[in-house]
Structure formats: structure tokens, C-alpha cells
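**Q** Dropping the structure in here first, questions after.
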Amino acid sequence: LKNEKDQAAADLLSRDPTLSAMLRTTCVATMVDAGHAPNALPQRAKATVNCRILPTATVPDIQSAMERAIANPRVTLKLREPSRPMAVPVPLDRKIIDPAKQLARQMCPSIPVIPVMLTGATDATMLGLINIPTYGVPGLMFDHDGGGAHGLNERIKVQSVYDGRDYLHELLKLYSAR
């Protein structure tokens, strides 16, 4: 976090796809349509690329970066209108962050609490537009592969549900005592 251009840090973070996706803008081809028959070369190809963009980046910046990476004038990029507005970054309020870190140190001492970008949908997108800061807090532990999120094998351990419940219960007690 001290140096955005630290390649060694970027390489380390990139080893974990889930962590990597929460700390930087990512663009992934989620759908591909090409060809007209299984035994013929395609005359055309179309890909839908889903980008999860950090709040500090702009859509034109990402489009330009993709065009430079593709570097082919025959390939065109067409933007879809976003289904929701861009998220508004929230201040890292110590009244919110410190209790979450304190409890995490008690319950999971080897796991640090760090700010990340959520890789899924969030109410924070809409609430930020009306100046209501919204924070997600840790609680559920997933397998290293992210629990197969959105895949055919999506899962979470039963014990993780109980641990997450306990964490959130204790965190609410800490917040209410302030």
C-alpha cells in the first residue's frame, strides 16, 4: 500500500486471485460468442468483458488501457451503460475500523483486516449517492478458492457460518458500547 508501483508486492498479491481482485481493477471475459459451426473457422467473434473498477479509476481510463493492451484497430470496444452507478469510496473511520480489527485480532489473530474492494454487488453503491457511508466487515471464512463463488460448487463450511455469526454479534456489541 505504500507504493502502488512495487512490483514485488503486486506479484505477491497476484498469487491469490480473490485477493488480487479486491485490490485492483480487474476485467474478465465472462461470455464469448464466435463461429457458426464446430468445423469452421469463425468469421467473427464477440466477447463480453466485465470490469470491476476501483473507485479511483474511470471508465475511460480502463477503456483506453484495454485498447492499448489489445493493440488491434480491427477490434472495437463498445461500452454498455452500467447497471448501477460507480461506488463512492468511504472514509476509513476509526470508530468503524478499529473495533473490527480488535475483534479480528481476538478471534483470528493470524488474519489481518485490510480495506478491499468488494467483488460482488453491494448496497453501498446506492447509499453512497445519498452520503450514507457503508462498510462491509469480515466474518465469514471461505476456502482458499473463495468457496467456489458463483460456480456450480459454491459452498461454505457450516462452522464458518457459526463463526461469522459470533463475530458479527460481538462486533455489534462493541459498536453499541461506544
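**Q** Out of everything in segment 131-178 that is hydrophobic (A, V, I, L, M, F, W, C) and over 22 Å from the mean Cα position of the chain (by Cα), what residue ends up being modelled with the lowest pLDDT?
**A** Val158
**Q** Looking at this structure, is Ala29 open to solvent by less than 70 Å² (accessible area, probe 1.4 Å) and more than 21 Å from the chain's Cα centre (by Cα)? Even if it seems obvious, please write down each step before you answer.
**A** Details: open to solvent by less than 70 Å² (accessible area, probe 1.4 Å): yes; more than 21 Å from the chain's Cα centre (by Cα): no.
Taking the combined requirement at face value, the residue does not satisfy it.
**Q** Considering only segment 57-77, state which residues are among the aliphatic types (A, V, I, L, M), under 27 Å from Ala45 (Cα atoms) and surrounded by 10 or more Cβ atoms within 10 Å (Cβ to Cβ).
**A** As a first pass, look at segment 57-77 and keep what is among the aliphatic types (A, V, I, L, M): 57, 59, 62, 65-66, 69-71, 75, 77.
Applying the additional criterion that residues be under 27 Å from Ala45 (Cα atoms) yields 59, 62, 65-66, 69-71, 75, 77.
Of everything in segment 57-77, those that are among the aliphatic types (A, V, I, L, M), under 27 Å from Ala45 (Cα atoms) and surrounded by 10 or more Cβ atoms within 10 Å (Cβ to Cβ) turn out to be Val59, Ile62, Ala65, Met66, Ile70, Val75, Leu77.
**Q** Still on this structure, please answer the following. Name the pairs whose Cβ atoms lie under 7 Å apart, with the first residue in segment 151-170 and more than 16 Å from Ala104 (Cα to Cα), the second assigned to a helix (DSSP H, G or I), and 6 or more positions between them or separate chains?
**A** Glu154/Gly147; Glu154/Gly148; Arg155/Gly147; Arg155/Gly148; Ile156/Gly147
**Q** What number goes with the only condition from (1) open to solvent by less than 60 Å² (accessible area, probe 1.4 Å); (2) closer than 28 Å to Val116 by Cβ; (3) out of contact with any helix residue (DSSP H, G or I) (no Cβ under 8 Å at 6 or more places or on another chain) that Arg80 does not pass?
**A** Failing condition for Arg80: (1).
**Q** Moving to a separate point now. If we only count helices (runs of 4 or more DSSP H) wholly inside segment 1-117, which ones have 1 or more residues that are over 30 Å from His169 (Cβ atoms) and free of Cβ contacts under 8 Å to residues at least 40 places away in the same chain?
**A** Details: elements: 7-14, 17-23, 59-70, 94-107.
Output list reads 7-14, 17-23, 59-70.
**Q** Could you count how many residues in segment 118-130 are more than 19 Å from Cys51 (Cα to Cα), open to solvent by 50 Å² or more (accessible area, probe 1.4 Å) and either in contact (Cβ under 8 Å) with a residue 12 or more places away in the chain or of a type in the set (Lys, Arg) (or both)?
**A** Kept after step one, since they are more than 19 Å from Cys51 (Cα to Cα), are these residues of segment 118-130: 127-130.
Then keep just the ones that are open to solvent by 50 Å² or more (accessible area, probe 1.4 Å); that gives 127, 129-130.
Okay, now just the ones that are also either in contact (Cβ under 8 Å) with a residue 12 or more places away in the chain or of a type in the set (Lys, Arg) (or both), so 129.
Total satisfying the criteria: 1.
The values are calculated or read from the model by the stated rules, or taken from the named source; none is laboratory data. What you are looking at is a predicted structure, and each value in this text was computed from that prediction instead of being measured. Cβ sites come from the backbone with ideal geometry, for glycine too, and all protein chains shown count toward neighbours. Please note that ligands, DNA and RNA were not included when accessible areas were found on the heavy atoms of the full protein model with its side chains. Shrake-Rupley method; radii C 1.70, N 1.55, O 1.52, S 1.80 Å.
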